[in-house]
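Comments concern the structure below.
The values are calculated or read from the model by the stated rules, or taken from the named source; none is laboratory data. Predicted model, so just to flag it, every value in this text is computed and none were measured. Reconstructed Cβ throughout: ideal geometry from the backbone, glycine too, with neighbour counts over all protein chains shown.
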Amino acid sequence: MQASKNLRRIQRISIFFLTLAGCINYLDRSALSVANSMIRGEMGLTASQMGLLLSAFSLAYAFSQLPIGVLLDRFGARLMLGASMFAWSVAQLCAGFVGNLQQFFMARVCLGIGEAPQFPAGAKVIGEWFAVRDRGTPTGIFVASSTIGPALAPPILTGLMLALGWRTMFVVTGVLGMLVALGWYVSYRNRNEVQLTRDEEAYLNHEETAKASAKPLSAVQWRNLFGQTTTWGMLFGFMGVIYMVWLYLTWLPAYLEHERGMSVARAGWVVSIPYFVGTIGMLSSGYVADKLFRRGMAPITSRKWPITVGLIGAALFTVPAALTPSAWLAIVYISLAMFFINLASGGAWSLVSIAAPRQVVASLGSIQNFGGFLAGSAAPVITGVVVDRTHSFVNALIVSAVIAVLSAFAYLFMVRRPIVVDEASHDSPAAPFPAAQHAE
């Protein structure tokens, strides 16, 4: 069963804007790390203060996840992602006019709140417009923006910063995001806003593990997500993914400058190398997951194994990256670590779209992202404190490797069955959904 011409058009528009928005998302959140040394010098900040400022985004982002998931499942991705993209772009623009640490902190908090819907919205869009067997590849493409953005960010942002100053850099990226937000809202439509044929409905609903309800998510159903082991496994497991991702995203430019002795200009393009390799890992995650599923592996298992392998592989290459005396060998090890951690990250978002019925996908993705960025918000602070006390990044990198291994165990032993949503939790007397046919 194939998608119709109409569905393929919707799918292409969706993936194009999700990927573009994701690149802008990471371009904006990367700006502070790229300008780390210049901002610290101008504003007189210590490494610990910069770590706190870097964590302001991720902590706000983490705690925004839980309500954002509910809002996405109620109001849809068109409104929520469009409005949030415009809001975070305004916050990015305002960061170019800050005068002290407190103002910068608030701008980063607002950026974190605004960016919160991006990836849960993407998981929801994939769940609405792609059949189960086809969801891995488009998920890998749009989530690859989390590596494409950071790969493009250093040379682009460094060029803007050196030519126009770090403040203008923030203003330009803010305006760019506003334009993309308007394009998304004009071009995209939620599934319930499009009249579909029977064949199109049959394609989209084929191989669903549970029937999706047309009713809005209830508060009882949302709370019941926390009563399932799979939810907690995804929450704890994603902690290791985002801790390592966020450590590299926030501190890699400074690491190359201070630990490896590179200039700002050289670090600006060298830091792109691991992210380009990470993009290959992200794109591979979707391909591998779809391939395993089509060969008969259960949906949950086809996503879980790439995640587990990715986390362990990332840990194995992070340790020698920390210990090698060679700067360029460190880049090779970091690049391989980025390949594997992004293999895990892509698999985690692909897991969201097949682990639960369509009406709770955004909520489940937000719960997963909450756990991830709760841990991710600790990464810059812990790294900053370690650097201040030891004047080295070695121990900080080893800590991230240990956390990655522990998270792999969470996926391996806790994520075993699909999420079951009880339809009787609505006010109607409907019977609960049957359990999905494909458990591990």
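General observations
- Scan of the stretch 1-42 for residues that are farther than 19 Å from Glu128 by Cβ, modelled with pLDDT of 85 or more and of a type in the set (D, E, K, R), ordered by number: Asp28
- Checking Arg189 against (1) within 23 Å of the chain's Cα centre (by Cα); (2) in a helix (DSSP H, G or I); (3) over 18 Å from Asp28 (Cα atoms), the condition it does not meet: (2)
- Among (1) more than 17 Å from the chain's Cα centre (by Cα); (2) assigned to a helix (DSSP H, G or I) - the single one Asn25 does not satisfy: (1)
- Long-range neighbours under 8 Å by Cβ, at least six apart or interchain, first residue farther than 25 Å from Asp28 by Cα within the stretch 133-145, second of a type in the set (Ser, Thr, Tyr) and surrounded by fewer than 24 Cβ atoms within 10 Å (Cβ to Cβ): Gly136/Tyr287; Thr137/Tyr287
- Which listed residue, of Thr279, Thr301, is surrounded by fewer than 19 Cβ atoms within 10 Å (Cβ to Cβ) and of a type in the set (S, T, N, Q): Thr301
- Residue in the stretch 72-81 that is more than 14 Å from Phe119 (Cα to Cα), within 18 Å of the chain's Cα centre (by Cα) and surrounded by 19 or more Cβ atoms within 10 Å (Cβ to Cβ) present: no
- Residue within the stretch 98-118 that is without any contact (Cβ under 8 Å) to a residue 40 or more places away in the chain and under 19 Å from the mean Cα position of the chain (by Cα) present: yes
- None of Val360, Val352 is in a helix (DSSP H, G or I), touching an Asp or Glu at 6+ places or on another chain (Cβ under 7 Å) and surrounded by 24 or more Cβ atoms within 10 Å (Cβ to Cβ) except Val360.
- Being hydroxyl-bearing (Ser, Thr, Tyr), within 21 Å of Val352 (Cα to Cα) and either modelled with pLDDT of 80 or more or buried (at least 23 other Cβ atoms within 10 Å of the Cβ) (or both) is a property that holds for Thr139.
- When Lys304, Lys291 are checked against the criterion of being touching a helix residue (DSSP H, G or I) at 6+ places or on another chain (Cβ under 6 Å) and at pLDDT 80 or above, a single residue qualifies: Lys304.
- Flag if Thr250 is at pLDDT below 85, of a type in the set (S, T, N, Q) and under 26 Å from the mean Cα position of the chain (by Cα): yes
- Picking from residues in the stretch 1-36 that are surrounded by fewer than 23 Cβ atoms within 10 Å (Cβ to Cβ) and touching an Asp or Glu at 6+ places or on another chain (Cβ under 6 Å), the one that is farthest from Leu182 (Cα to Cα) is Ser4.
- Residue list for the stretch 209-228, restricted to those being surrounded by 13 or more Cβ atoms within 10 Å (Cβ to Cβ) and either in contact with a helix residue (DSSP H, G or I) (Cβ under 6 Å, 6 or more places away or on another chain) or modelled with pLDDT of 65 or more (or both): Ala212, Ser213, Leu217, Ser218, Gln221, Trp222, Asn224, Leu225, Gln228
- Looking only at the stretch 361-401, and only at residues there that are of a type in the set (Val, Ile, Thr) and under 14 Å from Thr318 (Cβ atoms), the one that is farthest from the chain's Cα centre (by Cα): Val394
- Residue match in the stretch 237-248 (condition: more than 21 Å from Val386 (Cβ to Cβ), crowded, with 24+ Cβ neighbours inside 10 Å and in contact (Cβ under 8 Å) with a residue 12 or more places away in the chain): yes
- The residues in the stretch 386-413 that are part of a helix (DSSP H, G or I), over 19 Å from Phe373 (Cβ atoms) and touching a helix residue (DSSP H, G or I) at 6+ places or on another chain (Cβ under 7 Å) can be counted, and the count is 10.
- Set side by side, the residues Arg294, Arg303 differ, and just one is touching a Lys or Arg at 6+ places or on another chain (Cβ under 9 Å) and among the basic types (Lys, Arg), which is Arg294.
- Selection over the stretch 304-319 of residues that are surrounded by 24 or more Cβ atoms within 10 Å (Cβ to Cβ) and more than 18 Å from Ile398 (Cβ to Cβ) gives a count of 4.
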